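The next block holds one structure in the form of structure tokens; read it before the comments.
The values are calculated or read from the model by the stated rules, or taken from the named source; none is laboratory data. Because the structure is a prediction, the values reported are computed rather than measured. Using ideal geometry, Cβ is built from the backbone for each residue, glycine included, and neighbour counts are taken over all protein chains shown.
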Amino acid sequence: MIAIPGFARIFVVLAALAASAGPALAAGPKAYVGNFKDSTVSVIDTGSEKVVATLPVAAGPDGILIAPDGRSVFVSGSGAAAVSEIDTATDRVTRGIDVGKGPQGLAMTADGKWLLVAVNGDDRVAFVDTSAHGVSATVPVPKPHTIAIRPDGKQAYVASQEPGHFALVVIDMATRAVVTQIPLDKPPRDLEFDHDGKTLYLTLAGVSAVQVLDAATNQWGAPVPTGVSPHIAQHFAGMASGVVVVQGPGEVMLFDPAARTAVRSIPVGKQPHWLDLSADGRKLWVSNEGSNDVSVVDLAGGPTHTVAVGNAPRKVAVQRTAQPAHAAGSAHVTIRNFAFEPAQITVKAGQTVTWRNDDGAPHGVAFKDGTTGIDLLLPGKTFAQTFDKPGVHDYVCSVHAYMTARVTVIAP
Ligand SMILES: [Cu+2]
């Protein structure tokens, strides 16, 4: 054994503590926030609402996405030619993936296999094979900005900001051919499919409304009026309302997806840019580019908390689970207050999900794809289902159709 002098031994212990301090502190799922002007990502423990790490990434982080298994975070460096990959176990950048000049929006298939990157500077969409860590195909699209993949995985819609030819460019995911283009009269900003893939929500520069596209017919429906400068609009599984960040007034607006009218608005910070739903479905995490912070909005009406981050935070993404479900071998969903919790859960093929009804009322689990569920789950009872193959399974309560949720199964 090598003798270590007393003071040096303390040093060794402190160094070991420092090395483990960041990720070890995070008890709950983590939120990742890209600070555009600092070229860093702030990592926040959503349980304590404290920043647990700040790490350098490729210049100008302008797209952020967490893989379905919760283990990797991808950040596009719009001022660089790379996407940074962060390992969520260590909260360190493990790799830079060369994708081409000025990558902006990111999207990922539900199985986590393909990462699509809007390579704005090179006028193409790059298909990154996440297991090979490199670009394996590209599709020419002029000035691509943001991308949304339909939940069935068959098509990707790309917002093209080519001056004079603004459009949604639709790509077939299997053939990687452009199948159609939907012309727009204003520059597109963000686009998102709602949780069941039936509706695409789109925002346009200079238009105070969310555009609503029927994804089956590519026909426009009545828009949702908002305040000035709406940005990301989404309808998450498990929520009755849709949500949209409105930059002008600095608010999050909840809207009725059927009536296309505002339900209520919640003030957040200055120039809010992006949002994501917490893993338990109870809070919205909103990044405020103009006030260098993140607002944590309690959907039940409790006070909004503010967490300071770096300069010009643009994108925010929240892990769906605290740890990948494979660690425990099984996963649990609680039914409480007429909602599934978590509303979105990711497991590995071969794993079992158990539902427990903690409400006073009977509920049920009804899968849209015919997977065996249970019509009536009485209070205090449980139901278990094993998922053998990778895929996405949307389900509703068989008693209350507005209770929506999803099980994502990834390769073991
Ligand atoms: Cu129910």
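Every residue in region 271-288 that is farther than 15 Å from residue 231 by Cα and part of a loop (DSSP other than H, G, I, E, B), please. Passing the criteria: 278, 279, 280, 281, 282. Taking (1) charged (D, E, K, R); (2) in contact with a Pro (Cβ under 6 Å, 6 or more places away or on another chain); (3) farther than 18 Å from residue 42 by Cα in turn, residue 91 satisfies each apart from (3).
For region 387-399, which residues satisfy the criterion of being surrounded by 13 or more Cβ atoms within 10 Å (Cβ to Cβ) and modelled with pLDDT of 90 or more? Matches in region 387-399: 387, 393, 394, 395, 396, 397, 398, 399. Might you let me know whether region 334-345 holds any residue that is away from the ligand (no atom under 16 Å from the Cβ), free of Cβ contacts under 8 Å to residues at least 60 places away in the same chain and either within 22 Å of the chain's Cα centre (by Cα) or surrounded by fewer than 20 Cβ atoms within 10 Å (Cβ to Cβ) (or both)? Checking region 334-345: not a single residue is away from the ligand (no atom under 16 Å from the Cβ), free of Cβ contacts under 8 Å to residues at least 60 places away in the same chain and either within 22 Å of the chain's Cα centre (by Cα) or surrounded by fewer than 20 Cβ atoms within 10 Å (Cβ to Cβ) (or both). When 291, 295, 265 are screened for being assigned to a strand (DSSP E or B), away from the ligand (no atom under 16 Å from the Cβ) and surrounded by fewer than 22 Cβ atoms within 10 Å (Cβ to Cβ), only 265 passes. Counting only residues that are near the ligand (Cβ under 9 Å from one of its atoms), more than 25 Å from residue 235 (Cα to Cα) and of a type outside the set (Gly, Ala, Ser), region 352-365 holds 1 of them. Scanning region 366-412 for residues that are among the hydroxyl-bearing types (Ser, Thr, Tyr) and within 13 Å of the ligand (Cβ to nearest atom) yields 395, 398, 402, 404.
Restricting the search to region 59-88, which residues are among the aliphatic types (A, V, I, L, M) and in contact with a Pro (Cβ under 9 Å, 6 or more places away or on another chain)? If the condition is that a residue be among the aliphatic types (A, V, I, L, M) and in contact with a Pro (Cβ under 9 Å, 6 or more places away or on another chain), then 75, 80, 81, 82, 83 are the ones that fit.
One line per residue, one yes/no per condition, for (1) free of Cβ contacts under 8 Å to residues at least 40 places away in the same chain; (2) surrounded by fewer than 19 Cβ atoms within 10 Å (Cβ to Cβ); (3) assigned to a strand (DSSP E or B):
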residue: 195; (1), (2), (3): no, no, no
residue: 206; (1), (2), (3): yes, yes, no
residue: 217; (1), (2), (3): yes, yes, no
residue: 228; (1), (2), (3): yes, yes, no
residue: 237; (1), (2), (3): no, no, no
residue: 252; (1), (2), (3): no, no, yes
residue: 269; (1), (2), (3): yes, no, no
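Cβ separations smaller than 7 Å between residues 6+ apart or across chains give the following pairs from region 46-62 residues that are under 24 Å from residue 99 (Cα atoms) to residues that are surrounded by fewer than 21 Cβ atoms within 10 Å (Cβ to Cβ) and of a type in the set (Asp, Glu): 55/91. Do we have residue 19 as at pLDDT below 95, over 14 Å from residue 316 (Cβ atoms) and not in a loop (DSSP other than H, G, I, E, B) here? When the stated conditions are applied, residue 19 passes them. Is region 266-283 home to any residue that is more than 26 Å from residue 62 (Cα to Cα) and of a type outside the set (D, E, K, R)? Taking every residue of region 266-283 in turn, none turns out to be more than 26 Å from residue 62 (Cα to Cα) and of a type outside the set (D, E, K, R). Taking the criterion of being crowded, with 21+ Cβ neighbours inside 10 Å, assigned to a strand (DSSP E or B) and of a type in the set (Gly, Ala, Ser), the residues of region 38-81 that qualify are 42, 53, 63, 76, 77. With region 343-410 as the region, which strands (runs of 3 or more DSSP E) entirely inside it contain at least 3 residues that are of a type outside the set (Lys, Arg) and in contact with a helix residue (DSSP H, G or I) (Cβ under 9 Å, 6 or more places away or on another chain)? Strands (runs of 3 or more DSSP E) meeting the threshold: 344-348.
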